[in-house]
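Undergrad: Here it is, the structure in full.
The values are calculated or read from the model by the stated rules, or taken from the named source; none is laboratory data. Keep in mind that this is a model prediction, so the values were computed, not measured. Cβ: placed from backbone, ideal geometry, glycine included. Neighbour counts: every protein chain shown. The accessibility values were calculated without ligands, DNA or RNA, using every heavy atom of the protein model including side chains. Shrake-Rupley method; radii C 1.70, N 1.55, O 1.52, S 1.80 Å.
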Amino acid sequence: MSEIKESMLSKLMTKESKEPNSWTSELLKSVNVLNLSNLTPQNFVKCKSMTRDVLANRLCEALKLIDGCQKKIVELKNSYDQLDEASLITFDENIKMVKELQKVKGEAATEVVDLQREVVTLQRDLLAEKDRQLTELRTSVVESVQTTVKEGFKSYSDVLKESCKAPSSKLQTELKTVVKSVVEEEDRSRSFMLFGLKEETEEDISGKVCDVLFQLNLKPKVDVCRIGSGVQSTSKDSANKPRPVKVTVASSAIVKEVLSRAKHLKNCSGFKGVYISPDRSIEQRAEHRKLVLELKQRLLDQPDKRHFIRGNTVVSTEKDV
């Protein structure tokens with residue numbers, strides 16, 4: 001603002017001082033004086049051209065110039081006062097703006113602190129949820145192992161009781177059967193079956209299974225193989241059904257999680273024909289086929305209701321309106 005004032009004053013002074021300078025130069029020239037600082041009254045006395053009339057005219061011109069300069073000084077003062085008032089207004093606006101910026105800065109700092117607190121709270125909740133899930137997983141694994149061991153010992157105890165009077169060879173055979181059954185049951189508890197997964201001559205079956213599990217937001221380490229011999233579905237012959245895939249994971253808890261999310265596959269593009277089921281024994285598959293037949297019959301007999309298999313039972317409920 002001070003630079004603007006000085007610039008305007010300089011322009012006004014330059015503009016208004018041309019006339020007095022011209023008059024002064026003419027006067028000095030008429031009395032043969034080069035500089036105004038060297039001018040004395042004797043210069044006018046010695047100059048023959050400076051008559052009384054000429055001096056009177058010069059005096060009148062000087063008075064007019066003085067009056068004009070005074071008016072210009074007043075004008076300059078008024079202009080300066082206006083500039084000073086404008087600078088004060090601008091200064092007040094700047095002060096107000098600075099205060100508003102400081103207020104905004106304070107509010108932003110408060111919001112940042114609040115957000116940091118929310119992040120800390122969310123992190124604490126996330127850690128608590130992870131601990132809860134780990135506890136549930138640990139409990140599930142322990143319960144599964146305990147159940148398997150109890151069933152194995154119970155079967156072994158039953159075999160011993162029934163075979164006390166049997167020949168030793170029969171006892172050994174039944175004992176081997178019980179042990180094999182326990183091992184197979186433990187193996188099935190860590191496995192599940194995939195049906196409807198497209199089969200090709202040369203395929204990355206592990207990658208396909210991982211793609212299916214990714215749709216369920218799961219990424220477990222898997223060991224996979226197709227059940228049956230030979231490739232039954234190729235790009236040229238798509239009429240044959242693809243062989244089922246057996247998937248083995250690290251624990252039965254992972255299998256339970258996969259089965260609980262399997263129903264979401266029907267909503268995934270490209271996987272509507274793929275479905276997941278438990279790895280059942282021969283006896284369990286026979287029981288499940290009976291349940292499926294019963295389910296189909298109920299669908300025919302009671303089409304106005306909703307039917308589904310839960311556990312080892314066919315359940316019927318009223319359809320949602």
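Undergrad: Kindly count the pairs of lysines across segment 28-74 whose alpha carbons are less than 25 Å apart, treating pairs on different chains or eight or more residues apart as eligible.
TA: So the count works out to 5.
Undergrad: Exceeding 26 Å between C-alpha atoms, which entries from my cross-link table qualify? They are LYS208/LYS241; LYS208/LYS256; LYS208/LYS305; LYS198/LYS319; LYS256/LYS290; LYS266/LYS296.
TA: Details: LYS208/LYS241 17 Å; LYS208/LYS256 20 Å; LYS208/LYS305 36 Å; LYS198/LYS319 33 Å; LYS256/LYS290 23 Å; LYS266/LYS296 19 Å.
Where the Cα-Cα span goes over 26 Å, the pairs concerned are LYS208/LYS305; LYS198/LYS319.
Undergrad: If I stretch the segment between ASN38 and LYS105 completely, what's the gain in nm (0.36 nm per residue apart, minus their alpha carbon distance), one decimal?
TA: 17.5 nm
Undergrad: Moving on to the next point. Accessible area per residue of segment 188-321 at 1.4 Å probe, in Å²?
TA: 67
Undergrad: Using a basic spin-label model with each label point 7 Å from the Cα along Cα→Cβ, how many nm lie between ALA128 and ALA286?
TA: Label-label distance for ALA128 and ALA286, simple model: 5.1 nm.
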